[in-house]
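Single-structure report; data block below.
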Amino acid sequence: MRSKECIAMLLAGGQGSRLGVLTRNLAKPAVPFGGKYRIIDFTLSNCTNSGIDTVGVLTQYRPLKLNTYIGIGQPWDLDRMNGGVAILPPYAKQQVGEWYSGTANAIYQNIEFVNSYHPKYVLILSGDHIYKMDYSRMLEFHKEKKAGCTIAVIEVPWKEAGRFGILNTREDSRIYDFREKPKKPDSNKASMGIYIFDWELLKQYLIEDQELEGSDNDFGKNIIPNMLKRGEAMYAYPFKGYWKDVGTIQSLWEANMDLLEDPPRLDLYDKKWRIYGRNPAEPPHYVALGASVRRCIITEGSVIYGTVIHSVLFSGVSVGKDSVIRDSIVMPNARVGRNTVIEHAIVGEEVVIGDNCHIGYEETGENKLSYLKVDVSGLTVIGEGLEVPPGTRIGRNVMADADYLASLAQKAQKPDHFARREEIL
Amino acid sequence: MRDTMGIVTTDDEDVSLKELTRARSAAAVPFAGRYRIIDFILSNMVNSGIQNVGLLTQNNYHSLMDHLDSGKQWDLDRKKDGLFILPPYVSRESTGWFNGKVDALHSIMPYIRRSSQKYVVISGSCMVCNLTYDDALEFHKKNKADITVLYKEEKEASPAELSRHTLIQTDEDGRIWDMEVMPSSPKSSKISMRMYILEKNLLEYLVEESVARGQHDFIKEILIRKMDTLRIFGFPYTGYLVKIDSIQSYFRHSMELLDPENREELFHHCGIIYTKIKDEVPAKYGDRCKVSNSLVADGCIVEGEIENCVLFRGVRIAQDAVVRNSIIMQNTEIQGNAFIENAIMDKDVIIRRGKRLIGQETYPVVVGKKAII
């Protein structure tokens, strides 16, 4: 096989547990974003726009939808004769099969895949960030510095620095210190989880790390510190621009709302740097007489009879008459009935919300189901495929799944609560 | 329907769409916000299970080829068969200019002969609908027909409208006993949809025979002349049909799409309508926009007022612009304080600040591609 200068390995196996019900049935990179995309579209589009035509996607957690979505990679122009996109789940070997135990282990288990392209460099990416970046420039930087490893960094607000892997660099961008989630950060240069390695060098470290007992087999915790300790040439590539980790409900909501700003903080209109995705075959969306749409994003296939303000609506969404959607995200094919109010909420795919509901009303609700104790930061999240019966009220700070709805229905049968509902209606 | 191939004629010479067909063939005319007419024809064939489609082109087929590419979006990039775009060529027998549909079919005889299917569906490109050919083929076989013509009965259509079409008359069994091309006084309201089903062998024979006799008109010189010797049947189509035969009808039918029932019929009736993917950003609305009864495609940015409009992909409506009862095609920009009513704007038009453009409902203004007003 012809050799490639640089191939990409995209880590897409994380569960994304902080997204709660949104990632119950699908991996985080497949979570819908921005009206018609899924999170992974940004990384895949960056690859193809940067001229990287070979991408290995490492999957593990609930990969079904992700696999179907990626398919042969045609939407991203990654259906290639030589290279293209390859989905790499863990597989059984002669002795034993094992799951990916960490980010580094995932690459370790696919050394053969990378070797088959004989690349000089490997780009390691993760599938849970929203950003536009030209990896070819980073590769140039890597070559220029004669680095063994280059890490893309972004300056984050000081108060948030403790959430990231923090780097200290000399004037020439050479890294001399790296700390994963430090309590007292002494720099605000955060690792973006984007690395370029000389493949031969990385391979050596991966093999070594694998043999070490007690290692987490993780890039941030093991590989990077080990390389630094041994004095490898490691450089920080400064990135300026929009970059958002959408790993939490709050940040996912914020990143969607960022698109509504004018001008948007992330320019999706650049014809030279299109974000590609799998497009639904739906007619243009329809806004009816008497409907109102303001500061919002609406996609093909949707039908709007009500009011939509400051929200992001995906394809195939319907909003009934006299309903109001405000400060919310409504994912593909969700149906909202009449005279329903949805505020400050994330409505999952294929959700059906009946008439006269109020989702995200002021009063703070509480979800007592322990396994759903995910930080929702005052938002209301309705899990995929749920049917919310007419007249339901769900407060803020709630992550709703089927059990939660059942518990609501039980409560509603008590007479006093029933009286209160009558009053509201 | 695996045993059926499709042939699409993309230039219906008697279709007059003025500015809209100046730079493109009839089949490439944009329709319904993100489609072109050909999308419906190809999707119908694909949804019927047809995997071998030949496209006869003549005029301005560049935009059509650009749109169709390898046929991938219609799932027609197949190893065996798939999509064949067949432009005219100069040879010893031919000037490269088709002398009627029969001549065009004759020029692609090698392709037709090479195809392995038993039946052929031939379709023109001025009728837009969502159907599959399964029922019509079943009807064709049951009646042991030689040729089946799909038609739609439109009792409410005006004589003026009817006289723009080929009209047929059928007996109780569905056999056609009269057929007239654009008659000035219509005797029937059964409009031929320019879609025909016949066996490939018969098509080969009829085309060879006609060409040998110097006859080039498919309808007049094959269908009408052979009505007594061949079993020609009419299959009634009862669904929603858009006939694009004039600027007025194009405008009227586009406006009809604002009715949810018509959209349902056209987009979700039998199958999905596929089109070229443009990867546009979702449509975005501003703080002070007013939107009512409109279809809006991806890539649009609406800051002004739109009412009863169809907006194609990438249209910009600036703040304080007002657009009513209009069709605005791809990447057209309407700047602030402009006022547009009853207009059709082709692609890449710019309407500058404060300009007013008002047509009549019965006679919309048509602004050609790339015009700046």
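Taken together, the values in this text are just the output of simple stated rules run on the coordinates, not laboratory data. As the structure is a prediction and not an experimental result, all values here were calculated from the model. Cβ sites come from the backbone with ideal geometry, for glycine too, and all protein chains shown count toward neighbours.
Projecting the Cα atoms of A:Gln210, A:Tyr131, A:Ser173 onto the charge dipole of the protein assembly as shown, computed from C-beta unit charges around the Cα centre, puts A:Ser173 farthest toward the positive end. Restricting the calculation to Cα atoms, every distinct pair contributes to the Kirkwood radius of chain B, found to be 21.5 Å.
The alpha carbon radius of gyration of chain A, expressed as a multiple of 2.2 N^0.38 Å, is 1.06. Treating r as the C-beta distance of A:Leu64 and B:Ser184 and R0 as 56 Å, the FRET efficiency rounds to 0.35. For segment A:184-243, the calculated P(r), taken from all Cα-Cα distances in 5 Å bins from zero up to the bin holding the longest distance, is 3, 14, 26, 24, 16, 11, 6, 1 percent.
Computed from backbone phi, the HN-Hα couplings of segment B:323-329 come to 10, 10, 6, 9, 10, 10, 8 Hz, rounded to whole numbers (Karplus: 6.51 cos²θ - 1.76 cosθ + 1.60, θ = phi - 60°; Gly and Pro given as x). Placing +1 on each Lys and Arg Cβ and -1 on each Asp and Glu Cβ, with no other charges, gives segment A:283-394 a dipole about its Cα centre of roughly 240 debye. Estimated purely from DSSP H runs of n ≥ 4, each contributing -39500 (n - 2.57), the mean residue ellipticity at 222 nm for chain B is -5500 deg cm²/dmol once divided by its residues. Compute the acute angle (0 to 90°) between the alpha-carbon long axis of helix A:199-211 and the principal axis of greatest extent of the alpha-carbon atoms of chain A; round to the nearest 10°. On a 0 to 90 degree scale, this one is about 80. In this simple spin-label approximation, A:Gln15 and A:Lys321 carry label points 7 Å from Cα along the Cα→Cβ vector, and these lie 4.6 nm apart. The dipole here belongs to segment B:75-153: it is taken about the Cα centre, uses +1 on the Cβ of Lys and Arg and -1 on the Cβ of Asp and Glu, and is about 340 debye. Using θ = phi - 60° in the Karplus curve 6.51 cos²θ - 1.76 cosθ + 1.60, the 3J(HN,Hα) couplings for segment A:34-41 round to x, x, 8, 9, 10, 3, 5, 4 Hz; x is entered for Gly and Pro.
Averaging Cα coordinates gives a centre for segment B:181-198 and one for segment A:180-239; these two points are 74 Å apart. If the chain linking B:Leu202 and B:Met109 were pulled fully straight, counting 0.36 nm for each residue of separation and taking away their Cα-Cα distance, it would gain 32.2 nm. On a 0 to 90 degree scale, rounded to 10, what angle separates helix A:135-144 from the longest Cα axis of chain A? Rounded to the nearest ten degrees, it is 20. Estimated purely from DSSP H runs of n ≥ 4, each contributing -39500 (n - 2.57), the mean residue ellipticity at 222 nm for chain A is -6000 deg cm²/dmol once divided by its residues. Each residue, A:His310 and B:Asp135, gets one label point 7 Å from its Cα in the Cβ direction; the gap between the two is 5.0 nm. The long axis of helix B:37-47 is offset from the longest Cα principal axis of chain B by roughly 50 degrees. Charging the Cβ of each Asp and Glu at -1 and of each Lys and Arg at +1, and nothing else, the dipole of chain B about its Cα centre rounds to 840 debye. Taking a ≥ b ≥ c as the square roots of the Cα gyration tensor eigenvalues, segment A:18-110 comes out oblate, since a/c reaches at least 1.5 and a/b does not exceed b/c. The shape of segment B:1-131 comes out oblate: with a ≥ b ≥ c from the C-alpha gyration tensor, a/c is at least 1.5 while a/b does not beat b/c. Under 17 Å from a point 7 Å along the Cα-to-Cβ line of A:Gln95: which residues of segment A:210-232 have their amide N that close? It comes to A:210-215, nothing else. Compared with the direct C-alpha span, the chain from B:His268 to B:Trp177 gains 29.3 nm at full extension, assuming 0.36 nm per residue. At q = 0.24 Å⁻¹ the log10 of I(q)/I(0) for segment B:290-360 amounts to -1.00, computed by Debye summation with a single uniform scatterer per C-alpha, solvent ignored. Residues of segment A:9-32 falling in the label zone of A:Ala402, defined by backbone nitrogen less than 17 Å from a point 7 Å along Cα to beta-carbon, are A:21-26. What pairs from A:Lys120/A:Lys272; B:Lys101/B:Lys200; B:Lys101/B:Lys276; B:Lys79/B:Lys101 go past 18 Å between their alpha carbons? Checking Cα-Cα distances, A:Lys120/A:Lys272; B:Lys101/B:Lys276; B:Lys79/B:Lys101 exceed 18 Å.
Structure remark: mean-square fluctuation, Gaussian network model of chain B, C-alpha springs under 10 Å; the largest value among B:Lys243, B:Lys187, B:Lys278 belongs to B:Lys278.
For A:Asn25 and A:Glu387, a Förster radius of 25 Å and the Cβ-Cβ distance give a FRET efficiency of 0.95, rounded to the nearest 0.05.
A dipole drawn for segment A:3-157 from +1 and -1 charges on Cβ atoms has a positive end, and of A:Phe141, A:Leu78, A:Leu11 the residue lying farthest that way is A:Leu11. Centre-to-centre, using Cα atoms only, segment A:26-91 and segment B:157-171 are separated by 53 Å.
Taking amide H atoms as placed 1.01 Å from N in the peptide plane, the amide H of A:Val381 lies under 5 Å from those of A:Ile346, A:Val398, A:Met399, A:Ala400, each 5 or more residues away in sequence or on another chain. Under a GNM of chain B (C-alpha, springs under 10 Å), which listed residue has the highest mean-square fluctuation: B:Ile277, B:Ile41, B:Ile176? Result for chain B, Cα springs under 10 Å: B:Ile277 fluctuates most. For A:Ser136 and A:Ala412, the FRET efficiency from 1/(1 + (r/R0)^6), where r spans their Cβ atoms and R0 equals 56 Å, is about 0.45. When a/c is below 1.5 the answer is rounded, else prolate if a/b is larger than b/c, else oblate, so apply that to segment B:258-326 with a ≥ b ≥ c taken from the square roots of the Cα gyration tensor eigenvalues. Oblate.
When B:His165, A:His129 are arranged by Cβ crowding within 10 Å, least crowded first, meaning fewest neighbours, the order is A:His129, B:His165.
Applied to segment B:204-219, the Karplus parametrisation 6.51 cos²θ - 1.76 cosθ + 1.60 on θ = phi - 60° returns per-residue 3J(HN,Hα) values of 4, 4, 4, 5, 4, 5, 5, 4, 4, 9, x, 9, 10, 9, 4, 6 Hz, with x for Gly and Pro.
Shown for B:Lys276, A:Lys184: other C-beta atoms within 10 Å of each C-beta, ranked fewest to most, produce the order A:Lys184, B:Lys276.
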